[in-house]
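The values are calculated or read from the model by the stated rules, or taken from the named source; none is laboratory data. Because the structure is predicted, anything quoted here is derived from the model rather than measured. Cβ placement follows ideal geometry from the backbone for every residue including glycine, while neighbour counts extend to all protein chains displayed.
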Amino acid sequence: MVLAMAAFAVEDVLYKSASQAYPPGQALIIFGGLGGLVFVLMSRLRGEPIWHAAVLTKPLLIRSGFELGGRLFYALALAMTPLASTSSILQATPLVVALGAVLFLGETVGWRRWIAMGIGFVGVLLILRPTPASFEVTSLFAVLGMIGFAGRDLATRASPPSMSMPQLGTLGFAVLTLAGAILAVVGGEQIAPPAASVLLRLSGASLFGVLAYAALTHAMRMGEIGFVAPFRYIRLVFALILAVLVFGERPDQLTLTGGAVIVGSGLYSLLRQRKAG
């Protein structure tokens, strides 16, 4: 899980860097296409179909819809907002997943976890600064991306166990490519070939994305979820370090405080869930 979170953080840095020099929609198309190609090759080497038979079933279509929204808005957030704040808001995903499980899957949550979720959302507000003087509309892209990823994670519970990691990866990166196409069309991007440096960064982002996806899948399938899941939050540590070193960002006190509140409440919620289980 630690390896997956580190790889995701590097993936974000490489994509953000590429999108500063190249249209973000087209960058997303290349990123998704290269990563999807790796998973396709993995399926061929395993002698399995590239597309699982369940791809067009209702649960996976819902999952793909949420992932499409998550990928689309998160890409916009990476391109337009500081990496530190975007990554901090993303850490609220497990809290939204817990809330969604209560609302849509009939799970029960005690009052302590309700309070923890409420405190976590306060952390998101600290980062967003919802006041006329300091609020930035582009920050909502990270929130919408986070909600999309939470919906994807909830819908993943309905995916068939027979669906292999490469098949899930192929589907995920195909959705990523589609999100890039939508972004390119809506944004009116002019088609242009990427410079060699941009292509190199996007290739690196794809490779780190594949590594992250594979490591995350293995961690969730092989490890005890209650033990493994809290290590998701180490992604924020990697993201903050890279934001400072690569982009020269200096996260302010509210961003750091909001991130700490989100992580703290999320860890508490996961520990309460583990104890209840």
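Suppose the filter is of a type in the set (Gly, Ala, Ser), under 19 Å from the mean Cα position of the chain (by Cα) and either crowded, with 24+ Cβ neighbours inside 10 Å or farther than 25 Å from Ser265 by Cβ (or both); does Gly69 pass it? In short, no. If you go through the range 176-197 and pick out every residue that is among the small types (Gly, Ala, Ser), over 17 Å from the mean Cα position of the chain (by Cα) and in a helix (DSSP H, G or I), you end up with 4.
Condition check ((1) buried (at least 19 other Cβ atoms within 10 Å of the Cβ); (2) at pLDDT 85 or above; (3) within 17 Å of the chain's Cα centre (by Cα)) across all residues:
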site: Leu199; (1), (2), (3): no, yes, no
site: Ala219; (1), (2), (3): yes, no, yes
site: Glu224; (1), (2), (3): no, no, no
site: Ile241; (1), (2), (3): no, yes, no
site: Val246; (1), (2), (3): no, yes, no
site: Glu249; (1), (2), (3): no, yes, no
site: Gly264; (1), (2), (3): no, yes, no
site: Leu271; (1), (2), (3): no, no, no
site: Ala276; (1), (2), (3): no, no, no
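Scan the range 136-156 and tell me whether some residue there is more than 20 Å from Ser88 (Cα to Cα), surrounded by fewer than 19 Cβ atoms within 10 Å (Cβ to Cβ) and touching a Pro at 6+ places or on another chain (Cβ under 8 Å). No - not one qualifying residue is present in the range 136-156.
Every condition in (1) surrounded by fewer than 23 Cβ atoms within 10 Å (Cβ to Cβ); (2) in a helix (DSSP H, G or I); (3) of a type outside the set (Lys, Arg) holds for Phe173 except the one numbered (1).
Yes/no matrix, rows are residues, columns are (1) modelled with pLDDT of 95 or more; (2) among the hydroxyl-bearing types (Ser, Thr, Tyr); (3) surrounded by 21 or more Cβ atoms within 10 Å (Cβ to Cβ); (4) outside any helix (DSSP H, G or I):
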{"site": "Asp12", "(1), (2), (3), (4)": "yes, no, yes, no"}
{"site": "Gln26", "(1), (2), (3), (4)": "yes, no, yes, no"}
{"site": "Leu34", "(1), (2), (3), (4)": "yes, no, no, no"}
{"site": "Leu78", "(1), (2), (3), (4)": "no, no, yes, no"}
{"site": "Ser85", "(1), (2), (3), (4)": "no, yes, yes, no"}
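Listed residues Leu56, Leu103, Leu95; which is surrounded by fewer than 20 Cβ atoms within 10 Å (Cβ to Cβ), within 30 Å of Ala260 (Cβ to Cβ), modelled with pLDDT under 90 and over 12 Å from the mean Cα position of the chain (by Cα)? Talk me through it step by step, then tell me what you get.
Values: Leu56 fails: within 30 Å of Ala260 (Cβ to Cβ); Leu95 fails: surrounded by fewer than 20 Cβ atoms within 10 Å (Cβ to Cβ).
Sole residue among the options that is surrounded by fewer than 20 Cβ atoms within 10 Å (Cβ to Cβ), within 30 Å of Ala260 (Cβ to Cβ), modelled with pLDDT under 90 and over 12 Å from the mean Cα position of the chain (by Cα): Leu103.
Please verify whether Ala21 is more than 22 Å from Arg221 (Cβ to Cβ), outside any helix (DSSP H, G or I) and either under 17 Å from the mean Cα position of the chain (by Cα) or at pLDDT 90 or above (or both), treating the condition exactly as stated. Considered against the rule, which asks whether it is more than 22 Å from Arg221 (Cβ to Cβ), outside any helix (DSSP H, G or I) and either under 17 Å from the mean Cα position of the chain (by Cα) or at pLDDT 90 or above (or both), Ala21 comes out as yes.
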